[in-house]
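Accompanying notes for the structure given below.
The values are calculated or read from the model by the stated rules, or taken from the named source; none is laboratory data. Bear in mind the structure is a predicted one, so any value in this text is a computation, not a measurement. Cβ placement follows ideal geometry from the backbone for every residue including glycine, while neighbour counts extend to all protein chains displayed. Just the protein is used for accessible areas: all its heavy atoms, side chains included, with ligands, DNA and RNA removed. Shrake-Rupley method; radii C 1.70, N 1.55, O 1.52, S 1.80 Å.
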Amino acid sequence: MFYREAGQYKTNYRADQALFPIRQDQIGIFLILAIAYVAVPLGASDFFIDSVLTPILIFSLAAIGLNLLTGYTGLLSLGTGGFMGVGAFACYKLATYFPGVNIVVLVICSGLFSAAAGIVFGLPSLRIKGFYLAVATLASQFFLSWCFIRIPWLYNHNISASIEVPARTLFGVAITGPNATPATRYLIVLTIVAVMTLLASNLIRGRIGRTWMAVRDMDIAAELIGIKLYPTKLLAFAVSSFYCGVAGAMLVFLWLGNAESESFSINQSFLILFMVIIGGLGSLLGSYFGAALIYGLPILLRMAKDMLGLPMTSATVEHINFITLGVLIIFFLIAEPNGLARLWQIGKQKLRVWPFPY
Amino acid sequence: MHLLYQIFIDPFVQMGTAPDLLVQTLWEGLVSGVLYALIALGFVLIFKASGVFNFAQGIMVVFAALTLVGLYAHGVPAFLALALTIGVMFLLALAIERFVLRPLVNQPDIILFMATFGLTYILIGSGELIFGGDPKVMIADQLLLPSGAYTVKMLGGFVQMQKIDIAAAVIASLMVASLAVFFQKTRIGRALRAVADSHRAALSVGISLEYIWVIVWFAAGIVALATGIMWGARSNVSFALEIIALKALPVLILGGFTSIPGAIIGGVIIGLGEKLGEFYWGPLFGSGIEDWFAYVIALVFLLFRPQGLFGERIIERI
Amino acid sequence: MRAPTVTGPEVAVGDVLLSIENVSLSFGGVNAVSGVSFDIRKGEIRAIIGPNGAGKTSMLNIINGFYHPQQGRITFKGETRAKMRPHDAAYGGIARTFQNVALFRGMTALDNIMAGRTLKMHKNFFWQLLRVGPAMAEEVEHRRRVEEIIDFLKIQEIRRIPVGRLPYGLQKRVELGRALAMEPDLLLLDEPMAGMNLEEKEDMSRFVLDVNDHYGTTIALIEHDMGVVMDLSDRVVVLDHGIKIADGTPDEIKGDQGVIDAYLGVAH
């Protein structure tokens, strides 16, 4: 009853192909942005912003990156952590060599380095598919992990092999380093993520998105309608890695403030993959859902433990987290392979016809 | 110029001047190769028979070893603990079939592959929860496995071979031989191969998928247990083994995903290549190239011969 | 991604558009096609028929560039080549449909047909990223063309439905739409009527004729339904066990003893 589209006629194709063609969606997104930009910084606690919202946004971006590659183009990748790391370390080196340049610019530029790495490690994709390709991406992950430890130049020869973020400002306001407030960092992250999501959405709805999905669904047929497989796949690797790289740079510079190679390990790759699977392969919105659920899960478990007063160590909570993740993955693969995004769609469908059942 | 010398000349000079070290390195490589091959064997079993690429094979190795050691630590005598662990692996196979494989029958392989990620995380979490994460000692002596080493005098120096390694090689060969016979000659083996080809077709000729899957995952569990024992006897039982187990993937790529002899040969090649690479070329890169060297070898193979040395070529028809 | 211009003179209606010369193809010992030669004239509807296993689909795959014959040549629009690549075939103006519908299951019917326009869309990555101005105009223009095809095939109601959920007959229509979106000079149809009831066959036959009339597209089709073949086609090629056994108008073929024997399974 509330979500009816009836009466909203589109009179030209441009309107029909808009990002939010339904008025309720337009209102919805406006509200979300208003809350995100205004209500949150004013009303939410620093803890909530810094420990929940900012990381979820960052991981959502990484999940979008992986979703472009795996969900839209069908190339399963286990190297996400490595590409995030490339972005992070690239940003660190850029910040070291170009201290005067605006940090936001550097964050975006570090994505280019990740994109380059993505292309290099995506080269095998011409000849190999499916889980053979996944194993190749695993190779890239292990190699990059090794690089992050064994190439001291990357972390400026720091004894502890970790990188520490230098303080930087934007328009006079501190945005990285110890002086930056959580709210400031959150707003920068929010803007970058929102803009990049919009760009991803543009790609998906246009020619490139269609070529990616064609390659995913039936690459033989795609070739026969004139799609060049190799450039399409490499572009997917490049764009996906770009997104992961920016996410990695933001992870270090705008959230944690420091990092070591463990932040970009195979475990990270799996976590992002789980976010994409549970959130929904082939759905940008699903990436957000997946990131929220997977990142929020340990927090929820800890809250549950505290609320129920269970005498468990945090290590135990960690283990239960692992088990729950595994169970969730299997559950979603069985019950709803298209993830939370599909559940959301089904929900909207029910909302369209509410209060009738169908 | 110096770099070229270091890459192409020096290592071989080193090999020549200290041949006993070379033999030692080769032996070490052979041994780790055999162990990789055992893990790969578990993969091949499951892949051959259910078409599933079981990413959780590595963690099954750890889990089996942990169960064995854990039972012993609670006072269960060694061989009884062994029998009970075998029982646990059977129950695990039952659970996997009932809760993961059956609901996902007929789904594309990639979905099943991702389901094994979930399985991996469940086993890691439960393993750590039940047994704790600190390294444990394998009860090799109690299982009557040999210890100590033979020191052979040869080529101007000494080569040391651990008896447990020799035992591992023997046991591995026995397992491989019996599995190969099982697949080729028995009725169940044929049924396993049918299931790997097509679930639907196998169902339509009356093969009971559930029964087959339980058998196969149980067999893989036994292989995992044997691997866990062997590996645990050489170094301790810890979750680090799981990452090492991922090395089985390059082995499979080399050997072909569906070939048992391929798993062995691939394992040996990877093991030898890794050890030689680490020992003679490693210092050039700073250590630790063992982490990814195997994958590079595999990647090269993927580019030129994706089906591996012995695997089957998949021909796609429109 | 500029489409390469196909060299050679403009082919007039009635001239030979595609010529297959002495083509042979075998897979690991099995001879799919042996020494087959025939041609297809511009503007005609050419049927390729024969009992199962005759090599008809292989023939289409060769024209498409998916299989490469060990022997023989293909001349398309005046340009001769020993090997056609799928990509070149598409750019050159060859489109096809498949026996087992080869649609992109994750996409809607509209997107599938829009995918067929990929060849014609030239705005590069950065314009796609921003999706304003030229890229948007291009998208709208192609959407207009695709909507014409949708109107033509009468599939307006199912535009937004993911094709995996459509019934078989509609899937085949969407696939035809995708092939038409490529604005092909030569359209290869692999058993377009397979699995359809009488009404659906009549619809599809009408579409095939309309495509030929309205767009002037040359059509080569594989078909088992003899009624359809006789009614629709201008000329027919008959294959059996990879060899051409007859070539001519439908009436000539109907009376050919060799063809009758082949279909009745008489050993020769």
Legend entry - Kirkwood Rh (inverse of mean 1/r, distinct Cα pairs), region C:70-200, angstrom: 16.1 Å
Legend entry - Other-chain or far-sequence residues with amide H under 5 Å of B:Ala149's (modelled H): B:Lys163
Legend entry - B:Ile9 accessible area, 1.4 Å probe, all protein chains in place, Å² to nearest 10: 80 Å²
Inset, instruction - Just give the residues from region A:8-23 buried by at least 40 square angstrom of accessible area in the all-chains context relative to the isolated chain, probe 1.4 Å, and say none if nothing qualifies. - result: A:Tyr13, A:Arg14, A:Asp16, A:Gln17
Legend entry - Accessible area buried, both sides summed, chains C and A with 1.4 Å probe, Å²: 3300 Å²
Inset, instruction - Using label points projected 7 Å from each Cα along Cα→Cβ, tell me how many nm separate A:Trp153 and B:Ile7, to one decimal. - result: 1.6 nm
Inset, instruction - Might you report the magnitude of the Cβ-based charge dipole of chain A about its Cα centre, with Lys and Arg at +1 and Asp and Glu at -1, to the nearest 20 debye? - result: 900 debye
Inset, instruction - Report, as a whole number in µm² per second, the diffusion coefficient that Stokes-Einstein gives for chain A at 20 °C and 1.002 mPa s using the Kirkwood radius over alpha carbon pairs. - result: 100 µm²/s
Inset, instruction - With runs of 4+ DSSP H residues as the only contributors, calculate the mean residue ellipticity of the protein assembly as shown at 222 nm using -39,500 (n - 2.57) per run, divided by the residue total and rounded to the nearest 500. - result: -18500 deg cm²/dmol
Legend entry - Separation of the A:Asp25 and A:Ser314 label points, Cα + 7 Å toward Cβ, nm: 4.2 nm
Inset, instruction - For B:Gly256, list long-range residues whose amide hydrogen, built 1.01 Å from N in the peptide plane, is under 5 Å from its own amide hydrogen. - result: B:Leu309, B:Phe310, B:Gly311
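Report the per residue volume, in Å³, of the convex hull enclosing the C-alpha atoms of chain C.
Values: hull volume 37.6 nm³, N = 268.
Residue-normalised Cα hull volume stands at 140 Å³.
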Legend entry - C-alpha center-to-center spacing [region A:172-217, region B:184-255] in angstrom: 42 Å
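Rounded to a whole number, what is D in µm²/s for region A:241-358 from Stokes-Einstein with the Kirkwood radius over alpha-carbon pairs (37 °C, 0.692 mPa s)?
202 µm²/s
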Inset, instruction - Report the residue, chosen from C:Glu183, C:Glu44, C:Glu157, that carries the largest GNM mean-square fluctuation when chain C is represented by alpha-carbon nodes joined by springs under 10 Å. - result: C:Glu157
Inset, instruction - Just name one of B:Gly262, B:Val181, A:Gly257: the one whose Cα is farthest towards the positive end of the charge dipole of the protein assembly as shown (beta-carbon charges, Lys/Arg +1, Asp/Glu -1). - result: A:Gly257
Inset, instruction - Taking just the C-alpha trace of region C:180-257, give me its Rg and Dmax in Å. - result: 13.1, 40
Legend entry - Two-site label geometry, A:Ala167 and A:Glu336: point separation in nm, points 7 Å out along Cα→Cβ: 4.7 nm
Inset, instruction - Could you work out which residue, out of C:Val236, C:Val13, C:Val23, moves most in a Gaussian network model of chain C, that is, has the largest mean-square fluctuation with Cα springs under 10 Å? - result: C:Val13
Legend entry - Gain on full stretching of the segment that runs from C:Asp210 to C:His224 - 0.36 nm per residue minus C-alpha separation: 3.0 nm
Inset, instruction - For region A:112-185, take the alpha-carbon Rg, divide it by the Kirkwood Rh, and send me Rg/Rh. - result: 1.16
Inset, instruction - Provide the buried accessible surface between chains B and A in square angstrom, both chains summed, 1.4 Å probe, rounded to the nearest 100. - result: 3800 Å²
Legend entry - Label point at C:Ser37 placed 7 Å out along Cα→Cβ; residues across region C:61-79 whose backbone nitrogen lies under 12 Å: C:72-73
Inset, instruction - Find how much the distance from B:Ser173 to B:Thr17 grows on full extension, using 0.36 nm per residue of separation minus their present alpha carbon separation; answer in nm with one decimal. - result: 52.9 nm
Inset, instruction - Quick one: which residues, 5+ away or cross-chain, put their amide H under 5 Å from the amide H of C:Leu189? H built at 1.01 Å from N. - result: C:Thr97, C:Ala220, C:Leu221, C:Ile222
Inset, instruction - Go ahead and collect, in residue order, the members of region A:33-61 whose backbone nitrogen is under 18 Å from a label point 7 Å along the Cα-Cβ direction of A:Met307. - result: A:48, A:52
Inset, instruction - Provide the per residue accessible area, probe 1.4 Å, for chain C, rounded to a whole number of square angstrom. - result: 42 Å²
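Take the solvent-accessible surface of the protein heavy atoms, probe 1.4 Å, and return the percent of it on the protein assembly as shown that carbon and sulfur atoms account for.
Working: 25380 of 39770 Å².
Answer for the protein assembly as shown is 64 percent, counting heavy atoms of protein chains only.
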Inset, instruction - Send over a whole-number figure in Å² for the accessible area per residue of chain A, probe 1.4 Å. - result: 41 Å²
Inset, instruction - Treating only the Cβ atoms of Lys and Arg (+1) and Asp and Glu (-1) as charged, compute the dipole magnitude of the protein assembly as shown about its Cα centre; round to the nearest 20 debye. - result: 860 debye
Legend entry - For region A:189-302, projected area of the alpha-carbon convex hull averaged over all directions, nm²: 8.2 nm²
Legend entry - Size of electric dipole in region B:50-203: Cβ of Lys, Arg +1 and of Asp, Glu -1, about Cα centre, debye, nearest 20: 540 debye
Legend entry - Whole-Hz ³J(HN,Hα) from phi, Karplus 6.51 cos²θ - 1.76 cosθ + 1.60, for region B:64-71, glycine and proline x: 4, 4, 4, 4, 4, 5, x, 4
Legend entry - Largest-first principal axis extents, alpha carbons of region A:297-358, Å: 47, 25, 13
Legend entry - Positive-end extreme of charge dipole, region A:145-222 - chosen from A:Leu154, A:Leu190, A:Ile175 (charges on Cβ): A:Leu190
Legend entry - GNM flexibility winner over chain C from C:Ala246, C:Ala220, C:Ala95 (Cα, springs under 10 Å): C:Ala246
Legend entry - P(r) weight above 19 Å for region A:17-154, C-alpha pairs, percent: 65 percent
Inset, instruction - State the answer as a single residue: which of C:Ile245, B:Gly206, C:Val16 lies farthest towards the positive end of the charge dipole of the protein assembly as shown, with beta carbon charges of +1 for Lys and Arg and -1 for Asp and Glu, about the Cα centre. - result: B:Gly206
Legend entry - Alpha carbon Rg of the protein assembly as shown, scaled by the compact-globule rule 2.2 N^0.38 Å: 1.04
